[in-house]
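> Provided herewith is a single structure, encoded as structure tokens, for subsequent inquiry.
The numbers here are math on the coordinates, done by the rules we state, and not lab data. On a predicted model such as this, the values are computed, not experimentally measured, just so you know. Ideal geometry is used to build each Cβ from the backbone, glycine not excepted, and the neighbour counts take in all protein chains shown.
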């Protein structure tokens, strides 16, 4: 990965793909959005992995993250991940276990453990 500053934004180049990063939403993704997306995306990948291992089927999965920032530097202190499972074939009890396992095995979540509070909720549609 390489980041180059141009036109009031950072352009991250990785594997022939580009991602624009800027404090100005019109010029690119804001850093906290990328950070939150990384946490949610990693956690989501682990949920999918655990569901496959347990042979739990579903039609769709959506994660709606909410970030709380505090202090003079706007530090991220809390991320809430709300999971929406579409047509999932298991009990709420099993879903709780899937989410806890995913949380335990997500490297991004484990990297911020003790620094950022991460909470979970879910619903079925």
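> Taking the simple approach of a point 7 Å from Cα along Cα-to-Cβ for both residue 30 and residue 75, what is their distance in nm?
Each label point lies 7 Å from its Cα, and together they span 1.9 nm.
> Under 10 Å, Cα contacts only: if you run a Gaussian network model on the chain, which one of 41, 28, 71 comes out with the highest mean-square fluctuation?
Comparing 41, 28, 71 in a Gaussian network model of the chain, the most mobile one is 71.
> Work out the FRET efficiency for residue 124 and residue 38 from their Cβ-Cβ distance, taking R0 = 35 Å, and round it to the nearest 0.05.
Working: r = 26 Å, r/R0 = 0.74.
The computed FRET efficiency comes out at 0.85.
> For the chain, what does the helix formula give at 222 nm: sum of -39500 (n - 2.57) over DSSP H segments with n ≥ 4, over the residue count, nearest 500 deg cm²/dmol? Write down the numbers at each step before the final one.
On the way: 3 runs with 43 residues, N = 125.
So the helix-based figure for the chain works out to -11000 deg cm²/dmol.
> Another one. Could you line up 43, 35, 85 from fewest to most neighbouring Cβ atoms inside 10 Å? Mind dumping the intermediate values first?
Numbers: 43 24, 35 17, 85 21.
Taking fewest neighbouring Cβ atoms as first place, the list is 35, 85, 43.
> Please give the contour-minus-distance gain from residue 87 to residue 110: 0.36 nm per residue of separation, less the Cα-Cα distance, rounded to one decimal in nm. All intermediate terms of the calculation are to be shown ahead of the outcome.
On the way: separation 23, 0.36 × 23 = 8.28 nm, distance 2.90 nm.
Taking residue 87 through residue 110 to full extension adds about 5.4 nm, to one decimal.
> Give me the distance in nm between label points sitting 7 Å out from Cα along the Cα-to-Cβ direction at residue 67 and residue 14, one decimal.
Here the answer is 1.5 nm between the modelled labels.
> Relative to the longest principal axis of the chain, what angle (0 to 90°, nearest 10) does the C-alpha long axis of helix 31-53 take?
30
> A further question follows. From the list (1) 37, 33, 29; (2) 59, 26, 25; (3) 50, 37, 25, can you say which value of Cα extents along the principal axes in Å was derived from the structure given?
The listed entry that was calculated here is (3).
> Next question. Simple spin-label model, 7 Å along Cα-to-Cβ: residue 117 to residue 6 in nm?
4.3
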